[in-house]
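Presented below is the structure to which this report refers.
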Amino acid sequence: MTEFIMTQIQNHTAAGIFCLVAVFFYIGLITIGGGQVGITIIQQIAVENLKLLSAEKFFNMVAISESTPGPIGINLATYVGTELYGIFGGIITTFGQVLPSLIVIMLIARYFGKFSEKKGVQAAFSTLRPAVSGVIAVAAAKILILALITVTSGFVASDIATWQNGIIISAVNAAFYVLCLIVLFTTKLHPVFIVLAGAIFGVVFC
């Protein structure tokens, strides 16, 4: 099934459009915990499993989605759809992404008040919080690795001898990253200015 979906979408067939909607409907259905969780899920499905995008292009999309108004998961879905099928693709992937949330929130609005105080429901939410935090941490780690580390073609993870020259850490990017963390934690500067500074830094130094 994965091969069929991948082939249809990559070849931009009519069936590929429906496959794309189905993929993002599934992503929207299992994205629990907000748009940041969606980064990891979309990356696993669209990049690793279906190979619709390269990892570098995907995380460039993440950076742009973070920099634009609106929920990052929906922005990312719109971006991926537009990249694959143009404006129409952006519209249908956005629709597929938000449809499960619309259905679920209508059901919750109708019935949640009756069950919210039950022990089972409370236990589920208490367990979801650390799980969601872990998924967000994975997304953050992958973006950090891609931004700071370059892996050369001769690198082999199982061969310690290749580690010294096989992994190159960008000292400039790392220094800027640490500076951003210091500013965020020690000042009240709005994060949007950090994002703008990052864009300018990338144009000038990268």
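Things to note:
- Among the residues listed as Ala77, Ala63, the single one being within 24 Å of Leu196 (Cα to Cα) and open to solvent by less than 20 Å² (accessible area, probe 1.4 Å): Ala77
- Count - residues of segment 17-37 that are touching a residue at least 40 places away in the same chain (Cβ under 8 Å) and not in a loop (DSSP other than H, G, I, E, B): 13
- Ala22 more than 29 Å from Ala147 (Cα to Cα) and open to solvent by 50 Å² or more (accessible area, probe 1.4 Å): yes
- Residues located in segment 142-192, provided they are at pLDDT below 80, in a helix (DSSP H, G or I), closer than 30 Å to Thr31 by Cα and open to solvent by less than 80 Å² (accessible area, probe 1.4 Å): Lys142, Ile143, Leu144, Leu146, Ala147, Leu148
- Screening the candidates Thr2, Thr40, Thr13, Thr31 for the property of being closer than 18 Å to Gly86 by Cα and polar (S, T, N, Q) yields one hit, Thr13.
The values are calculated or read from the model by the stated rules, or taken from the named source; none is laboratory data. Please read these numbers as outputs of a predicted model, since none were measured by experiment. Here the Cβ is made from the backbone with ideal geometry for all residues, glycine too, and neighbour counts use every protein chain on show. Protein only, heavy atoms only, side chains kept; ligands, DNA and RNA dropped before computing areas. Shrake-Rupley method; radii C 1.70, N 1.55, O 1.52, S 1.80 Å.
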